[in-house]
Every structure is written in structure tokens, then in C-alpha cells.
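Shown next, in C-alpha cells, is the structure this report addresses.
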Amino acid sequence: MVDSSIDQLLECILPCELRRLGLFSHASIDEFLAVLADAGDNYPIRFVAIDGTHEAAPGKSGAVVIREFQRHARISKRLTCRPEHIVTLPATVKCLIYVDDMLGTGKQFNSFAKHYSLEKQSQDRKQFYCPLIAHQDGVGKVEMQNPWLMVRPVELLDQRHSFLRAADVNKTLWAVDQKNAVNDVIQHLQALCSLKYIPGQTKFSLNLLLGFEHATPNNTLPIMWARSSSWHPLLIR
């Protein structure tokens, strides 16, 4: 899934956006991909990982994803940049592409953008945020706080992807089976988490059931990834 998302980004989404901005000078997608694998320091694009190293509990998913860009798509290492080195990039770089696996609530990117003063880069460079998956709520918050940024996720989720969503016809019923009451499902989940000494919710939780091979986003229900003396997680965090 990660590799196919990277392909979609590099072969469809980015070429369209770069053409619109006059930054796509290639005769074909194949030529574009070939150049990304062998470009020099003056090439106008850089890929930047959202790695969370500025936070007290840093995440590493962005760094994992950008390594997959290098492995799967053969992106030249010269076209990747650590966020703290953005200010040292040559003037020939006209576009920054921030990559990550998941844009959930938007809190991490907003913190990232503020910490590295990314708005200043918008004076001379176009900036894209291209997570592999994004939640509509988080996209709205990121766009509102960073109007200079273009958010272009590969796949977009919304409230319909919540495990605890209500049915469309009867809002008191759980959408998954349309028989149990939503409140009963929530109470059952909370009771189970309390019994097993794991959190029922986190400040980032969007009640998703989403996991990657390399990690599980904290937007996923904690019952899927939390660990305690009496609870073994299904997914790795």
C-alpha cells in the first residue's frame, strides 16, 4: 500500500501540480522519474520528512516513508533534506515536498511548521504537504493555519471511516451492524480498556482502524496498539 501510494504521488499528483506551477520541464512521467533518481544539487525539488524530532516524544514515520521513497522509487538522496537544513538549500530549489504516512488531527504538522518557520520559505518556494493518508478534519486545520501550503494527500479519510460512527438513517445505531446502539458500543469499549489498563482514547484519536507495516498511527483506536500487563496489541505502534 505504501509503495502504490508513492507511485500515485510521483506519477499522477505531483506531475499535475508541478505542471500547473511551471516546474515540470519533462517530456514524460518516465523521464521525470528517471531524473528524480539521478538529479544533481541544482534540481528545483526537495523531499522533506515530517519526523517529529522537535517534539518531546518524536515520531519517526516521516523518516521511514522517505527511506521508502529512496528504496522503492529510487529518489536520489541528494533530493532529500532534513528539516533543519532547509535554510541552507540553494536558491535553485523552488519546491519543497513534505512527506509522511498519516495526517490525522493536523497537530503534528502545525507544530512542525511553526518550529521550522516554514512560512518564511513560502516567499521563494512552493510548498506541498503530501501524506500518504489524511483525515479531512486534519487537512482543514492544516490549511487554515498554513494558507501558504498546498495539502495534497494520496488518500483522504473522513468521519465515515470512524469505527464508532453512527448509521446514516438512525443516528442512535452503530453503523457497522446497524443493530447495536452507538452508546452501548462506546461504553463496552471503554469498559474493556479500563479492565485491561489501556487508554480508551488519546488526544490524537480519530477512532480509526488503520495500520501500516512499519507502525500504527496514534489516530487509530488505542485498543489496537496499546500494551499492558493484561493486554497484547494486535498492531505495533
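Between residue 35 and residue 1, what length in nm is gained on full extension when 0.36 nm per residue of separation is reduced by their alpha carbon distance?
That works out to 9.8 nm of additional length.
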**Study point:** Gap separating the Cα centres of the stretch 103-135 and the stretch 6-56, nearest whole Å
**Key:** 16
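If R0 is 41 Å, what FRET efficiency do you get for residue 209 and residue 150 from their C-beta distance, rounded to 0.05?
Numbers: r = 29 Å, r/R0 = 0.70.
Calculated transfer efficiency: 0.90.
Under the Kirkwood approximation applied to all pairs of distinct alpha-carbon atoms, what is the hydrodynamic radius of the chain in Å?
After inverting the pairwise mean of 1/r, the radius is 19.3 Å.
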Check your understanding: If you roll a 1.4 Å probe over the heavy atoms of the protein chains, what accessible area per residue do you get for the stretch 132-237, in Å²?
Key -> 60
Revision key, fill the gap. Computed, not fitted: 222 nm per-residue ellipticity of the chain from DSSP H runs ≥ 4 (each -39500 (n - 2.57)), nearest 500, equal to -8500 deg cm²/dmol
Study note, to complete from the structure: For residue 92, placing the label point 7 angstrom along Cα-to-beta-carbon and taking the stretch 13-42, residues whose amide nitrogen sits under 11 Å are 39-42
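Which value in Å does the Kirkwood hydrodynamic radius of the stretch 138-204 take, with 1/r averaged over all unlike C-alpha pairs and then inverted? List each step's numbers first, then the result.
On the way: mean 1/r = 0.0689 Å⁻¹.
Over the stretch 138-204, the inverse of the mean reciprocal pair distance is 14.5 Å.
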Point to revise | the chain: relative contact order in percent, alpha carbon pairs under 8 Å with at least 6 residues between | key: 14
Check your understanding: So what does residue 229 come to for accessible area, using a 1.4 Å probe and Å² rounded to 10?
Key -> 120
Check your understanding: In the stretch 1-148, carbon and sulfur make up what percent of the accessible area (probe 1.4 Å)?
Key -> 50
Review point. In terms of solvent-accessible area of protein heavy atoms at a 1.4 angstrom probe, what is the ranking of 185, 87, 142, highest value first?
Key: 87, 185, 142
Exercise for review: Note the full-extension length gain between residue 169 and residue 13 as 0.36 nm times their separation in residues minus their Cα-Cα distance, in nm to one decimal.
Suggested key: 52.6 nm
Review point. For the stretch 1-101, with the dipole built from +1 on Lys and Arg beta-carbon atoms and -1 on Asp and Glu ones, taken about the Cα centre, which of 37, 92, 61 lies farthest toward the positive end?
Key: 92
Exercise for review: Starting from the Cα of residue 126, draw a straight line to each of the lysines and keep only those under 29 Å, dropping any in the same chain fewer than 8 residues away.
Suggested key: 60, 77, 94, 107, 114, 141
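The values are calculated or read from the model by the stated rules, or taken from the named source; none is laboratory data. Predicted, not measured: the structure shown is a model, and the values here were computed from it. Virtual Cβ from ideal backbone geometry, glycine too; neighbours counted across all protein chains shown. Please note that ligands, DNA and RNA were not included when accessible areas were found on the heavy atoms of the full protein model with its side chains. Shrake-Rupley method; radii C 1.70, N 1.55, O 1.52, S 1.80 Å.
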